[in-house]
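Some notes on the structure that comes next.
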Amino acid sequence: MRQVRMLAPAALALGAAGLSVTAGLAAAPARAAEGPGLRVYPATAEPGATVTVNTAACAEDGAADGDASAVGAGAFTLAPSAHEEEVIGQFQVPASAQPGTYEIRASCPSGAEASGDLVLSLAGAGEAVHPRGHVQSGVGGALGPDPVQTTAGVAALAVAAAGGTWLLHRRAQATGI
Amino acid sequence: MHRISNRSIALVSVLALCSGAWLVHSGTSGEGPPQPSAAQAAPARPGAGSREAAGLAASVPERIRVPSIRVDAPLTGLGLTRSGSLDVPPPERKNLAGWYERGTTPGEPGTAIVAGHVDNARGPAVFYRLGALRHGDRIEVDRADGNTAVFTVDAVAVYSSRDFPDEKVYGPAARPELRVITCGGGWSERTGYRGNVVVFAHLTAARPRR
């Protein structure tokens, strides 16, 4: 099963409505595993939170049935979003839900299915964790000599040399040497 | 008689000489991505461009545009690495940036974080020219709720990896703010890039997406 976020360009076409929960995201450093095609936002929430899911799996159907019964939130509906080719839906996690990882599913009228994981953490278990340290966002591939540009430059210099030689040759002819 | 004049030959030769010299010079120097000056690292003085807009509700960001350095790229969600540092988008996709999805969404009150590569193994990537941003430049983020959050640059700084100011870069903010991060600060064979270029910006407007 592929890691959607890392590999599938389709997963980049996100779509989710505004939601009411931002606080209390858990301190789990590991990225939540994802099933194919269902984005869960926030991927880590606390009991009582409103969670938004969206998927591109039902592109032609324009709607889908969501199933959050694993976490005790029952069925919900995914409707077309402002974003093309995506359906979006929301559900509320029961305040009594226990911490853990739950699979949220969506099934399209066409029969296609998508799922994604929701990680529940206890309220107040940690404040929103922010990253630490520098970001590894380059390898130096833009540094160093550019062979294509250098080759073009050498070619242009050769043209200049040829032109100069030609001129000298003409001048020599004109003066009858 | 069609004879090419000496003047034409001379003109072409001189042009070829100049462009050839420039190409060879810049092709072999490999000077690297632009880096911000010390003046840009200091916060911008409050002025006309620094008005503050009210925060928006949370909404997933989908695209970032930085007109002054011609950036227009989709955004993917980012988590943390095992060591707790911000993860980065897959490097093989050079025109892709990411946002920290366990944090604030851009436009919401707080500190939203966007990161992207300065280069990959093949050459420059999405934020290659990030260090050339200046006070007052505009950054736009398209959000899933149909709004575009417009941020204005307050400062552009370089921080060393060894002494990275976590709280300043990632710490909470009362107003809607944005950080855009890429690699920078010099490069060495052994350690790679020595630090990060960090752009500090705050929300100055919100409008419906075009």
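Nothing in this text is a laboratory measurement; each read-out follows from the coordinates by a stated rule. What you are looking at is a predicted structure, and each value in this text was computed from that prediction instead of being measured. For neighbour counting, all protein chains shown are included, and Cβ atoms are generated from backbone atoms with ideal geometry for every residue, glycine included.
Averaged over the residues of peptide B:71-84, the number of Cβ atoms from other protein chains lying within 10 Å of each residue's Cβ is 5.
Let me know the shape class of the range B:144-210, please: from the alpha-carbon gyration tensor, a ≥ b ≥ c as square roots of the eigenvalues, rounded when a/c is under 1.5, otherwise prolate if a/b is greater than b/c, or oblate. In terms of gyration-tensor shape, prolate.
Rounded, prolate or oblate: which one fits chain B, using the alpha carbon gyration tensor with axes a ≥ b ≥ c (rounded when a/c is under 1.5, else prolate when a/b beats b/c, else oblate)? The shape class here is prolate.
Residues whose amide H lies under 5 Å from that of B:T104, counting only those 5 or more places away or on a different chain, are B:T111, B:I113; hydrogens are built 1.01 Å from N in the peptide plane.
Given the -39500 (n - 2.57) contribution per DSSP H run of 4+ residues, what per-residue ellipticity at 222 nm results for chain B, rounded to the nearest 500 deg cm²/dmol? The partial results should precede the final answer.
Values: 3 runs with 33 residues, N = 210.
The per-residue figure over chain B is -5000 deg cm²/dmol.
Over all residues in B:6-17, what is the mean tally of Cβ atoms on other chains that come within 10 Å of each residue's Cβ? Write down the numbers at each step before the final one.
Details: counts 5, 1, 1, 7, 4, 1, 5, 9, 3, 4, 11, 7.
Across B:6-17, the average partner-chain Cβ count within 10 Å equals 5.
How long are the three semi-axes of the equivalent ellipsoid of the range B:1-122, in whole Å, if each is the root of 5 times an eigenvalue of the C-alpha gyration tensor, listed from largest down?
Numbers: eigenvalues 410, 84, 48 Å².
Working through the eigenvalues yields semi-axes of 45, 21, 16 Å.
Taking all Cα pairs closer than 8 Å and separated by 6 or more residues, the relative contact order of chain B comes to 23 percent. Other protein chain C-beta atoms within 10 Å of residue C-beta, averaged over A:40-48: 2. Look at A:L167, B:L133, B:L11 and count the other Cβ atoms within 10 Å of each Cβ; fewest to most, that gives B:L11, A:L167, B:L133.
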